[in-house]
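Data block below; observations after.
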Amino acid sequence: MTRKVRVRFAPSPTGALHIGGVRTALYNYLFAKQHGGEFIFRIEDTDSNRFVPGAEEYIIESFKWLGITFDEGVSFGGNYGPYRQSERKDIYKTYVDELLAKGLAYMAFDTPEELEAKRTEIANFQYDASTRLAMNNSLTLSEGEVAQRLANGEKYVVRVKIEPGEEILVNDIIRGEVRINSSILDDKVLYKSSDGLPTYHLANIVDDHLMEITHVIRGEEWLPSAPLHVLLYRYFGWTDTMPQFAHLPLLLKPDGNGKLSKRDGDRLGFPVFPLEWHDPKTGEVSSGYRESGYFPEAVLNFLALLGWNPGTEQEIMTMDEMVQLFHLEKCSKSGAKFDYEKGKWFNHQYLQLKDNMDLAKQFRPTVQAKGFDMEEAQLAQIVGAVKSRVTFANELWDQTSFYFVAPTQYDEKAVQKRWKPETKNELGALVNYLKTMSDADFSSVELSEKLVISWIETSGYNMGNVMNPFRLSLVGEMKGPHIFDITAVLGKAETIRRIQTAIEKLG
RNA sequence: GGCCCAUUCGUCUAUCGGUUAGGACGCCAGGUUUUCAUCCUGGAAAGAGCGGUUCGAUUCCGCUAUGGGCUACCA
């Protein structure tokens with residue numbers, strides 16, 4: 001019997017959602033959609049000390065912006081809840097007790113200080129079969145003493161009892177078979193009485209089983225603990241429904257070594273979080289992709305290709321295409337350095353694909369905030385004219401401001417090169433000619449261009465000598481769209497005014 | 001230190017034993033644009049090293065080197 005595909009993304013609410021986590025979630029999402037399965041959002045808040053207020057809401061809002069949707073989970077509902085681990089205490093306790101009863105786990109009373117002392121005393125100390133008999137636990141203490149300590153309210157942890165010398169096989173979709181010997185595993189803490197909460201390992205296995213997760217797609221940092229997880233499935237007798245594992249390669253620093261961190265973003269000037277994040281503890285603000293002007297589709301497309309590719313030369317893909325093409329088997333095994341330049345390229349590509357009218361609608365509030373306005377159709381026209389030189393939508397103002405504001409100064413180098421002694425007379429003649437044009441001719445890009453060009457030719461002027469100062473008068477610099485794209489929007493009166501101002505200022 | 005994973009242009013990657021080792025970003029040059037950007041054309045740029053296996057290895061195996069991850073009462 002094949003089970004319905006169910007995958008999950010299960011972050012810890014300890015801060016902003018890291019971009020690597022976004023990619024992990026994306027791969028889970030693509031996999032679920034492709035198989036007509038379900039995608040579950042679970043919150044792993046078993047470490048009460050690291051809880052950060054607002055983090056959960058932040059993560060939910062991030063996915064909303066990105067367009068990654070969940071079928072079940074915290075804030076989404078579903079029949080396998082609760083989906084917040086802190087609300088599942090009683091469930092975990094049952095399973096901890098089961099392991100204890102089966103003798104597959106035991107209680108340990110060692111204090112953090114005692115453990116620390118052991119670690120300094122013995123190099124490479126590990127709590128396992130070779131050392132646990134020298135520690136304070138239910139294996140070494142008499143039943144009476146254990147009962148006494150419990151009655152005294154002494155704090156304890158439950159540790160998994162790992163038998164040494166056993167080979168454990170982890171079958172990973174991306175990496176193939178990974179074998180390790182159980183002797184190198186330690187007796188991991190599964191549960192702590194201090195807060196009545198399990199640790200990641202126990203909660204993870206119990207939840208994945210209860211929530212009928214079929215595939216665990218997570219970061220490579222979990223690979224070393226995968227054997228422990230396999231062992232726990234075995235201890236619980238759940239091996240036949242154990243999920244398949246896929247450990248994803250990590251996202252690495254663009255330069256140097258190590259995994260991508262928030263600091264790298266700060267240092268190199270790019271966001272590592274989807275949304276701007278205000279750290280409630282430090283008050284620190286970290287930039288986000290959304291606030292930096294990225295399109296969510298571009299972020300997702302870029303991230304998807306960091307560690308996976310469809311095997312064809314296609315790079316720009318819609319979400320639907322990615323859903324179609326995605327395969328865990330085609331994920332790479334090695335970490336991918338984060339190439340921010342390529343991320344920008346993706347955004348540029350997506351911006352070119354956007355409808356001018358949609359961009360104009362988004363852009364209009366910015367224009368209004370600057371104290372100007374323009375109807376959307378015309379705004380769409382100028383957006384279309386400058387689009388190709390814009391990577392982020394928030395650069396639109398810089399590229400279009402001269403449409404609204406006449407230049408007050410002129411690029412010095414350009415003036416030196418383009419403004420010649422005869423320019424004054426030639427532009428003066430141009431103004432006189434423009435005055436003779438009808439408003440209808442003027443507002444047509446094609447007609448006005450044709451007329452002015454032929455006027456320049458018949459007047460015997462050098463084309464560049466007229467056109468370059470003309471541009472300088474309108475824009476203030478040697479850049480921007482075609483001259484007649486600009487004049488058609490500016491209108492006759494404003495065009496003439498700008499030329500006259502330039503003549504006055506530059507002589 | 002121990003364990004695990006990995007290793008093709010600067011970067012992301014294709015290659016499922018036989019290829020002039022392909023594409024993309026970035027970079028450089030030229031063209032288009034009488035501006036800038038876009039766009040087009042071209043260029044430089046890679047199999048970590050050493051051993052095997054094989055008629056033949058980038059591809060399979062081993063060792064070394066390098067990189068990464070894990071090694072908590074964090075996830």
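The values are calculated or read from the model by the stated rules, or taken from the named source; none is laboratory data. Here the structure is a predicted model, which means the values were calculated and not measured. Reconstructed Cβ throughout: ideal geometry from the backbone, glycine too, with neighbour counts over all protein chains shown. Please note that ligands, DNA and RNA were not included when accessible areas were found on the heavy atoms of the full protein model with its side chains. Shrake-Rupley method; radii C 1.70, N 1.55, O 1.52, S 1.80 Å.
Since A:G176 meets every condition but one in (1) without any contact (Cβ under 8 Å) to a residue 40 or more places away in the chain; (2) more than 30 Å from A:P112 (Cα to Cα); (3) open to solvent by 50 Å² or more (accessible area, probe 1.4 Å), which condition does it not meet?
Looking at each condition in turn, A:G176 falls short on (3).
Scanning region A:31-42 for residues that are surrounded by fewer than 23 Cβ atoms within 10 Å (Cβ to Cβ) and outside any helix (DSSP H, G or I), which turns out farthest from RNA strand B (Cβ to nearest atom)?
A:G36
A:G15: within 13 Å of RNA strand B (Cβ to nearest atom), open to solvent by less than 20 Å² (accessible area, probe 1.4 Å), small (G, A, S) and farther than 20 Å from A:W308 by Cα, yes or no?
Here the answer is yes, as A:G15 does meet what is asked.
(1) closer than 19 Å to A:K89 by Cα; (2) open to solvent by 40 Å² or more (accessible area, probe 1.4 Å): which one isn't true of A:S193, the others all being true?
So A:S193 meets the others, but not (2).
Among (1) modelled with pLDDT under 95; (2) over 23 Å from A:V390 (Cβ atoms), there is one condition A:F470 misses while meeting the rest; what is its number?
Among (1) modelled with pLDDT under 95; (2) over 23 Å from A:V390 (Cβ atoms), the lone unmet condition for A:F470 is (1).
Here's the yes/no breakdown for (1) in a helix (DSSP H, G or I); (2) in contact (Cβ under 8 Å) with a residue 40 or more places away in the chain:
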residue	(1), (2)
A:V7	no, yes
A:T14	no, yes
A:L17	no, yes
A:Y29	yes, yes
A:D45	no, yes
A:E57	yes, no
A:K64	yes, no
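Tell me yes or no: at least one residue of region A:330-341 is among the small types (G, A, S), under 23 Å from A:L66 (Cα atoms) and more than 8 Å from RNA strand B (Cβ to nearest atom).
no
Could you tell me whether A:K387 is in contact with a Gly (Cβ under 7 Å, 6 or more places away or on another chain) and either free of Cβ contacts under 8 Å to residues at least 24 places away in the same chain or over 17 Å from A:E494 (Cα atoms) (or both)?
No, not satisfied.
Can you name the condition, by its number, that A:Q416 falls short on among (1) more than 23 Å from A:I503 (Cα to Cα); (2) free of Cβ contacts under 8 Å to residues at least 24 places away in the same chain; (3) within 16 Å of RNA strand B (Cβ to nearest atom)?
For A:Q416, the failing item is (1).
Please list, ordered by residue number, the helices (runs of 4 or more DSSP H) wholly in region A:253-359 having 3 or more residues that are surrounded by fewer than 19 Cβ atoms within 10 Å (Cβ to Cβ).
Of the helices (runs of 4 or more DSSP H) lying wholly inside region A:253-359, those with at least 3 residues that are surrounded by fewer than 19 Cβ atoms within 10 Å (Cβ to Cβ) span A:262-268, A:319-325, A:340-353.
What single numbered condition from (1) hydroxyl-bearing (S, T, Y); (2) touching a Ser or Thr at 6+ places or on another chain (Cβ under 6 Å); (3) exposed (fewer than 15 other Cβ atoms within 10 Å of the Cβ) fails to hold for A:T241?
A:T241 satisfies every listed condition except (2).
How many residues, within region A:164-193, are assigned to a loop (DSSP other than H, G, I, E, B) and in contact with a His (Cβ under 9 Å, 6 or more places away or on another chain)?
4
Taking only region A:123-139 into account, find how many residues are in contact with a strand residue (DSSP E or B) (Cβ under 9 Å, 6 or more places away or on another chain) and within 15 Å of RNA strand B (Cβ to nearest atom).
Adding up the residues that qualify gives 6.
Within region A:194-243, can you find the residues that are at positive phi and either part of a helix (DSSP H, G or I) or without any contact (Cβ under 8 Å) to a residue 60 or more places away in the chain (or both)?
A:G237
Only residues that are of a type in the set (S, T, Y) and outside any helix (DSSP H, G or I): list them for region A:80-112, please.
A:Y80, A:Y83, A:Y106, A:T111
Looking only at region A:278-320, count every residue that is of a type outside the set (A, V, I, L, M) and away from RNA strand B (no atom under 16 Å from the Cβ) and tell me the total.
Count: 18.
Consider region A:108-135. How many of its residues are open to solvent by less than 70 Å² (accessible area, probe 1.4 Å) and either within 14 Å of A:D187 (Cα to Cα) or touching a residue at least 60 places away in the same chain (Cβ under 8 Å) (or both)?
Going through region A:108-135 one residue at a time, the tally reaches 12.
Out of region A:447-493, which residues are free of Cβ contacts under 8 Å to residues at least 12 places away in the same chain and farther than 24 Å from A:Y410 by Cβ?
Of everything in region A:447-493, those that are free of Cβ contacts under 8 Å to residues at least 12 places away in the same chain and farther than 24 Å from A:Y410 by Cβ turn out to be A:L447, A:K450, A:S454, A:E457, A:T458, A:G460.
If you go through region A:466-489, how many residues are assigned to a helix (DSSP H, G or I) and either open to solvent by 30 Å² or more (accessible area, probe 1.4 Å) or near RNA strand B (Cβ under 6 Å from one of its atoms) (or both)?
Residues that pass the stated criteria total 4.
Please specify each residue of region A:354-407 satisfying the condition of being within 21 Å of A:L472 (Cα to Cα) and aromatic (F, W, Y).
Within region A:354-407, A:W397, A:F402, A:Y403, A:F404 meet the criteria.
Any residue at all in region A:155-163 that's part of a loop (DSSP other than H, G, I, E, B), free of Cβ contacts under 8 Å to residues at least 60 places away in the same chain and within 11 Å of RNA strand B (Cβ to nearest atom)?
Yes, region A:155-163 contains a residue that is part of a loop (DSSP other than H, G, I, E, B), free of Cβ contacts under 8 Å to residues at least 60 places away in the same chain and within 11 Å of RNA strand B (Cβ to nearest atom).
Looking at region A:141-150, can you tell me whether even one residue there is within 40 Å of the chain's Cα centre (by Cα) and open to solvent by less than 40 Å² (accessible area, probe 1.4 Å)?
No; the residues of region A:141-150 include none that is within 40 Å of the chain's Cα centre (by Cα) and open to solvent by less than 40 Å² (accessible area, probe 1.4 Å).
Would you please name the residue that is farthest from A:V22 (Cα to Cα), looking only at residues in region A:204-226 that are within 13 Å of RNA strand B (Cβ to nearest atom) and in contact with a Pro (Cβ under 7 Å, 6 or more places away or on another chain)?
Filtering region A:204-226 for residues that are within 13 Å of RNA strand B (Cβ to nearest atom) and in contact with a Pro (Cβ under 7 Å, 6 or more places away or on another chain), the one farthest from A:V22 (Cα to Cα) comes out as A:D208.
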